[in-house]
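S.K.: Structure incoming, see below.
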Amino acid sequence: MALFIFLAVVPILEIALFIEVGGWIGLWPTLAIIIATAALGAAMLRSQGSTAVRKIRVAVQNAQDPSEQLFHGLLILVSGLLLLTPGFFTDAVGFALLYPPIRAEIIKRGGRGIAEKTVVYNFRHGRSPEGRAETIDGTYSIVDEEKSERNN
């Protein structure tokens with residue numbers, strides 16, 4: 001139901017904004033603004049997207065959890081889709097999602113519902129006499145004991 005309301009309200013809001021802005025500044029300046037925001041958004045998307053991909057690579061290469069960088073990348077992708085959609089409201093939301101502190105806040109608030117518990121794995125790696133890599137010892141610990149106990 002919420003998706004239906006969203007899909008119904010956003011186009012109506014965009015049409016209303018087109019009519020209002022077009023009435024204030026005219027048709028051609030309104031269209032120029034839409035084209036300019038799409039071009040600016042595409043440039044910003046390319047810049048921020050490549051930064052996000054680089055951060056994901058660094059996290060993976062350093063054996064760190066890349067989930068935060070992946071969420072940033074996902075929000076940047078959503079931002080790009082919104083910026084390529086003609087409209088003032090979608091452009092405003094798209095540009096807001098390109099601002100890293102806003103993405104960080106969305107991830108922080110949304111992450112509470114995504115991650116029920118965090119598990120930290122510690123592994124020591126070694127080589128067998130044949131030269132194959134193998135795990136010699138592995139342990140794990142649950143970081144959020146309170147949530148873990150509630151779920152059991």
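The values are calculated or read from the model by the stated rules, or taken from the named source; none is laboratory data. This is a predicted model, so every value here is computed, not measured. Reconstructed Cβ throughout: ideal geometry from the backbone, glycine too, with neighbour counts over all protein chains shown. Heavy atoms of the whole protein, side chains included, go into the accessibility calculation; ligands, DNA and RNA do not. Shrake-Rupley method; radii C 1.70, N 1.55, O 1.52, S 1.80 Å.
S.K.: Which order do Met1, Met44 take by accessible area at a 1.4 Å probe, largest first?
M.R.: Numbers: Met1 170, Met44 65 Å².
Descending accessible area places them as Met1, Met44.
S.K.: While we're looking at this one, here's another question. Using label points projected 7 Å from each Cα along Cα→Cβ, tell me how many nm separate Glu20 and Ala2, to one decimal.
M.R.: Result: 2.5 nm between the two label points.
S.K.: Which value, in Å² rounded to 10, gives the accessible area of Thr51 with a 1.4 Å probe and all protein chains present?
M.R.: Here the residue's solvent-accessible area equals roughly 50 Å².
S.K.: Hey, another quick one. Leaving out ligands, DNA and RNA, and with a 1.4 Å probe, what % of the accessible surface on the range 24-98 is carbon or sulfur?
M.R.: 72
S.K.: If you stretched the chain out fully between Leu27 and Val58, how much longer would it get, using 0.36 nm times the residue separation minus the C-alpha to C-alpha distance? Mind showing how you got there, number by number?
M.R.: On the way: separation 31, 0.36 × 31 = 11.16 nm, distance 4.66 nm.
This chain segment gains 6.5 nm when fully extended.
S.K.: Sorted by accessible area (1.4 Å probe), largest first, how do Glu105, Glu68 line up?
M.R.: From most accessible down to least: Glu68, Glu105.
S.K.: Please list, in order, the residues from the range 27-41 whose amide nitrogen is less than 19 Å from a point placed 7 Å along the Cα→Cβ vector of Tyr99.
M.R.: 37-38, 40-41
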